[in-house]
Amino acid sequence: MKQEQSSGQSSEADGPYVGRSMLRREDRRLLTGRGQFVDDLKVPNELHAVFVRGQLAHARIRSVDLTRARQAPGVVFAISGDELFKILPPVPDTQLSLPRKWTTQVQHTFLNPQQPLLAHDKVRHVGEAVAVILAESRYLAEDAAALVTVDLDPLPAIVDPEAGLAPGAAVLHDKYGTNLIGEFRITKGDIETALKNAPHSGDDGSGAV
């Protein structure tokens, strides 16, 4: 026998969403193999890109040899960071504009290193892209990427923020001469005046408050 719901009470379907069992609309499609993702979309003459990445945390790029990769089956285009740098400039230094009111009231120093589309002079973290391969399939692009020879000159890695600020530490962005790329100070109120005029003070003369 179905119990009638008392008047004035809302059913589960009308209640809050939190803690409620929700009917999922996508399960049948996914469980029956009819789900569609970006990688499932196919368009005529599409190409697949695979990036060649540096394997060191900090190193100067001596050379990137794409000769064998360009001759690999299915490869349509390949370019290194040095070649791309001559065609397209790095991403602009300042991508976020700070509010004028903030910049006029807050003491700050921000250095914004340019971000190259592909590394061309140095790699500054493990996995930074130094070249890209375009081929007729993902697998052909991956095979060609494996043929790229990357010659890196290892440099000291910065793995600790405080150590990176120590004198003599290796600098990631040479033109700045420092690893400190952002610093600002915010002061609110006048603490000295506030303590002086406070009705009670915990200072017993020892300097501890």
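The values are calculated or read from the model by the stated rules, or taken from the named source; none is laboratory data. Predicted model, so just to flag it, every value in this text is computed and none were measured. A quick note on method: Cβ atoms are made from the backbone with ideal geometry, for glycine too, and the neighbour counts reach across all protein chains shown.
Some points to look at:
- Scanning the range 152-174 for any residue that is touching a Ser or Thr at 6+ places or on another chain (Cβ under 7 Å), over 22 Å from THR67 (Cβ atoms), modelled with pLDDT of 90 or more and part of a loop (DSSP other than H, G, I, E, B) turns up at least one such residue.
- The range 145-166 residues that are farther than 14 Å from VAL130 by Cβ, paired with ones that are assigned to a strand (DSSP E or B) and of a type in the set (Gly, Ala, Ser) (beta carbon under 6 Å, 6 or more apart): PRO154/ALA59; LEU155/ALA59
- Subset of the range 146-174 [within 30 Å of ASP40 (Cα to Cα) and either in contact with a Lys or Arg (Cβ under 9 Å, 6 or more places away or on another chain) or surrounded by fewer than 11 Cβ atoms within 10 Å (Cβ to Cβ) (or both)]: LEU147, VAL148
- Checked against the criterion of being assigned to a strand (DSSP E or B) and either touching a strand residue (DSSP E or B) at 6+ places or on another chain (Cβ under 9 Å) or at pLDDT 80 or above (or both), the range 83-102 contains one or more residues that satisfy it.
- Sole exception among (1) under 24 Å from the mean Cα position of the chain (by Cα); (2) at pLDDT below 95 for LEU134, by number: (2)
- Within the range 32-73, if we keep just the residues that are modelled with pLDDT of 90 or more and assigned to a helix (DSSP H, G or I), the residue that is surrounded by the fewest Cβ atoms within 10 Å (Cβ to Cβ) turns out to be THR67.
- Taking each residue of the range 128-141 that is within 14 Å of GLY81 (Cα to Cα) and looking for partners that are surrounded by 15 or more Cβ atoms within 10 Å (Cβ to Cβ) and of a type in the set (Ser, Thr, Tyr) with beta-carbon atoms closer than 8 Å, six or more apart or interchain, yields VAL130/SER80; ALA131/SER80.
- When restricted to residues that are surrounded by 10 or more Cβ atoms within 10 Å (Cβ to Cβ), under 32 Å from the mean Cα position of the chain (by Cα) and not aromatic (Phe, Trp, Tyr), the range 175-195 contains 5.
- The residues listed here are GLY189, GLY127, GLY207; of these, the one that is modelled with pLDDT of 85 or more and at positive phi is GLY127.
- Within the range 99-113, considering residues that are under 22 Å from the mean Cα position of the chain (by Cα) and surrounded by 12 or more Cβ atoms within 10 Å (Cβ to Cβ), the one nearest to GLN55 (Cα to Cα): PRO113
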